[in-house]
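The values are calculated or read from the model by the stated rules, or taken from the named source; none is laboratory data. Note that this is a predicted model, so its numbers are computed, not measured. Note: ideal-geometry Cβ built from the backbone for every residue, glycine included; neighbour counts use all protein chains shown. Calculation scope for accessible area: heavy atoms of the full protein, side chains included, ligands and nucleic acids excluded. Shrake-Rupley method; radii C 1.70, N 1.55, O 1.52, S 1.80 Å.
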Amino acid sequence: MSCPYSFFLRYEGGLKTTMTHYLALGNAVHLTLEKMFGSGPRFYPVWNVDEAIKFCLTEFNRMIEEDEIFVSYPQLKKAQADAAEMVARYYAQISRGEITSTPFGVETEFKLPIGNIEIVGKIDKIDKVAEGLIVIDYKTGAKKPDPWFFHRNLQFTAYYWACKELFGEYPIKVGWHHLRTGDVIYETRTEWDVDQLKRTIENVVKMSEQDIRFRSYQEAVCHWCSYSGFGHECDDQKLEAEILAKRA
C-alpha cells in the first residue's frame, strides 16, 4: 500500500509514474521468484540457479528497453549484478534449508470484502509449518525496515487479514524478506490490528463518498515515489485542484 496521495494521482488523476531501473529491478526479481516455483497445487523449484538468473536478467533488460528507461552504463551493470546476487542468495538459502523449497502458496491472490468495496492484492509467499501459516513479502530495497514502520505497516496487516479470509486462520507471523541481505524479519499482528485497518478503510470510503480529501504528509513531500521530485506532480496543489474539479 503506497502513499494515499500517489494513489490519488494515479487512479483519480490518471497520471502514470515514471518507470525507473530500481522499479524494473524489483519487478524482475519478484517475477523470477514467482515463476521459479512452477504452478500449484504443490509448489517447488522448476529451475536451477543459472536458469533463474538468466530469466531475471532477461526480464530486467526487457523492461529497460521497452520502457526506454534512462540509466547510465555503470548503474545498469550494478543493477544486473544486484539482481543476479539476490536470486543466487535466495537459492543458497534454499539449499541450506534456511527457507523452504516447497511453499504453501506463491503469489496468492486475495479479495477482502468491506462494505460495498473489495481490497484486492497478492501475497508473495505463504509457508506452512507445524504451528500454522507464515506470510512472506519480498523486498528488494537497499534498507531494512524501520521497526516502528514495520509494526504499523498496513500492507502486512492486510496480508494477515487475507489469510483468515482464504484459509480460515490467521498466520502465526508475517515476514519481511530483505533479498539484498537474505534476512527475514518477522512481526506479529492481532485481530485488533485488523479492526483498525477496517476502520481506516471505512473512513476513507466515507470521505470519498462525501468528496472529502486530505493530505497524508506532515510538512514536506516524502520523495520516496516517482511522483515526488525530479519535476513530477507530487505536492502540486494546482494539479490536485484540477483533478478534483474534473471528478466533480
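The Thr102 and Leu154 beta-carbon pair, evaluated with R₀ = 25 Å, returns a calculated FRET efficiency of approximately 0.25. About the centre of its Cα atoms, the stretch 16-137 shows a dipole size close to 160 debye [charges on the beta carbon of Lys, Arg (+1) and Asp, Glu (-1) only; nearest 20 debye]. FRET efficiency for the Lys111 to Lys78 pair, using the beta carbon distance and R₀ = 41 Å, is estimated at 0.60. Model label points for Ser208 and Glu165, set 7 angstrom from Cα along the Cα-to-Cβ axis, are 1.4 nm apart. Note on Lys144/Lys246: beta-carbon distance plugged into 1/(1 + (r/R0)^6) with R0 of 45 Å gives a FRET efficiency of 0.65. So what is log10(I(q)/I(0)) for the stretch 143-213 at q = 0.20 1/Å, when the Debye sum runs over its Cα atoms only? Rounded to two decimals, the profile gives -0.87. Per residue, the stretch 43-175 exposes 55 Å² of solvent-accessible protein surface, assessed with a 1.4 angstrom probe and all protein chains in place. Excluding Thr181 itself, what net charge comes from residues whose Cβ is under 9 Å from its Cβ, given Lys and Arg +1 and Asp and Glu -1? It works out to a net charge of +2. Annotation for the stretch 34-101: trypsin sites (Lys or Arg not before Pro) lying in DSSP loop with at most 14 further Cβ atoms inside 10 Å of their Cβ are Arg42, Arg96. Charge dipole of the stretch 125-190 (Cα centre as origin; +1 on each Lys and Arg Cβ, -1 on each Asp and Glu Cβ, all else neutral): 220 debye, rounded to the nearest 20. A straight Cα-to-Cα reach below 30 Å connects Lys198 with the lysines Lys16, Lys111, Lys122, Lys125, Lys128, Lys139, Lys143, Lys144, Lys164, Lys173, Lys206, Lys246, residues fewer than 8 places away in its own chain not being considered. Counting 0.36 nm for each residue step from Lys122 to Asp67 and taking away their Cα separation leaves a gain of 17.4 nm.
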